[in-house]
1. Please list, ordered by first then second residue, the pairs with beta carbon atoms under 6 Å, 6 or more apart or interchain, first in the range 78-91 and within 14 Å of Tyr68 (Cα to Cα), second of a type in the set (D, E, K, R).
2. Any residue in the range 143-156 that's part of a strand (DSSP E or B): show its pairings with residues that are among the aromatic types (Phe, Trp, Tyr) at Cβ separation under 6 Å, as long as the two are six or more apart or on different chains.
3. Those residues that are polar (S, T, N, Q) and at pLDDT 90 or above, I need them from the range 1-26; list them, please.
4. Restricting attention to the range 271-311, and to residues there that are without any contact (Cβ under 8 Å) to a residue 60 or more places away in the chain, hydrophobic (A, V, I, L, M, F, W, C) and over 26 Å from Asp70 (Cβ atoms), which single residue is surrounded by the fewest Cβ atoms within 10 Å (Cβ to Cβ)?
5. In the set Thr71, Thr27, which member is polar (S, T, N, Q) and under 17 Å from the mean Cα position of the chain (by Cα)?
6. Being without any contact (Cβ under 8 Å) to a residue 24 or more places away in the chain and basic (Lys, Arg) is the filter here, so list the residues in the range 220-270 that pass it.
7. State yes or no: is Leu273 part of a strand (DSSP E or B), among the aliphatic types (A, V, I, L, M), under 23 Å from the mean Cα position of the chain (by Cα) and modelled with pLDDT of 95 or more?
8. Exactly one of these conditions fails for Asp220: (1) modelled with pLDDT of 70 or more; (2) farther than 23 Å from Ala88 by Cα; (3) surrounded by 16 or more Cβ atoms within 10 Å (Cβ to Cβ). Give me its number.
Amino acid sequence: MTAAPSRARVDYPCVRCNNETDAFVGTERLKAGLCRDCYGKKPDLRPRELNDLSGKEWAQSSRSIQEYPDTRSPKQREHGAAFPMSLAKQQISVYTKKGQTVLDPFVGVGTTLDACADIGRRGIGIELNDHYADLAEADLTSSDQVLIRGDAMKLDSYVANESVDMVLTSPPYGDLLKNVKGAFAHKWREHSTIAPLANPEPYSDSEDDLGNMKYDKFLDAIEVVLRKTHAALKPGGYAVWVVKDFRAMKAKIPFVPFHMHVMERAEAAGFRLWDIQIYDQTRFRPLVCLGYPSSNYYLNIGHSYNLVIRK
């Protein structure tokens, strides 16, 4: 019995979703240029109200736990607390469309502005520290990205009410940068080959810098910034604050739920808590012995939170 000749297959990108696919020569699906998932489906004509994502991209971005593998740039390493570019791009892609405006009131070395430039958004960044502002400004290549050297607590003097579509930021942590790591992140030399961490440098010497304030005063200042970003956002706009809990062992406080305190202040400022996404950093942080071998057992805090709040 003679075997039937095999039919040739053709590889091609789907004209609707752009995914790579293949089909037999002569089939209607190949003539239509569609993949298996799109063939036979009508195009989705519903208006895109929030962003430019496909349904697949929308679903992938909606995971409640996210990792953001990334290579930190030299300027990000100099800052020491910048979130990854991949995080910035993803969050901006979810909560805005191309051409819309993103505000970062603590822009640091400009990661938010760089992400906006790469994916076609306008960006506004405010930075008090001249050194970080210099690093951010050196990479600005478009008038669509605006760097303001100023105080986030005076945001309303720089940014008009209801003029931005999204806020993306990570706040400084009060006077914690001066002592928190040295207070609780001691790495026992006999149990680790990793050198102990030195205390990071404060962001600036300015009394107006939130990074130099005691915690209670710092939270009051955060609420001021939240109120002013709330006013700057258009109705229905989203804000994402990247925050991390910590320990304050010198003050005999084993755990400070910073993300909860920010949420409380955000709600007081008029925001509505919309979502909390866990930013999983465990793969990129070595495990250390905290409290060993005493009776005090501490977890390694290997995650941050993307707090999603909405006007």
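The values are calculated or read from the model by the stated rules, or taken from the named source; none is laboratory data. Note that this is a predicted model, so its numbers are computed, not measured. For neighbour counting, all protein chains shown are included, and Cβ atoms are generated from backbone atoms with ideal geometry for every residue, glycine included.
1. Pairs found: Pro84/Asp70; Met85/Asp70; Ser86/Asp70.
2. Here the result reads Ile148/Tyr158, each pair linking the range 143-156 to a residue that is among the aromatic types (Phe, Trp, Tyr).
3. Answer for the range 1-26, where residues must be polar (S, T, N, Q) and at pLDDT 90 or above: Asn19, Thr21.
4. Selected residue: Leu273.
5. Residue meeting the stated conditions: Thr71.
6. Lys252
7. yes
8. Of everything listed in (1) modelled with pLDDT of 70 or more; (2) farther than 23 Å from Ala88 by Cα; (3) surrounded by 16 or more Cβ atoms within 10 Å (Cβ to Cβ), Asp220 misses just condition (3).
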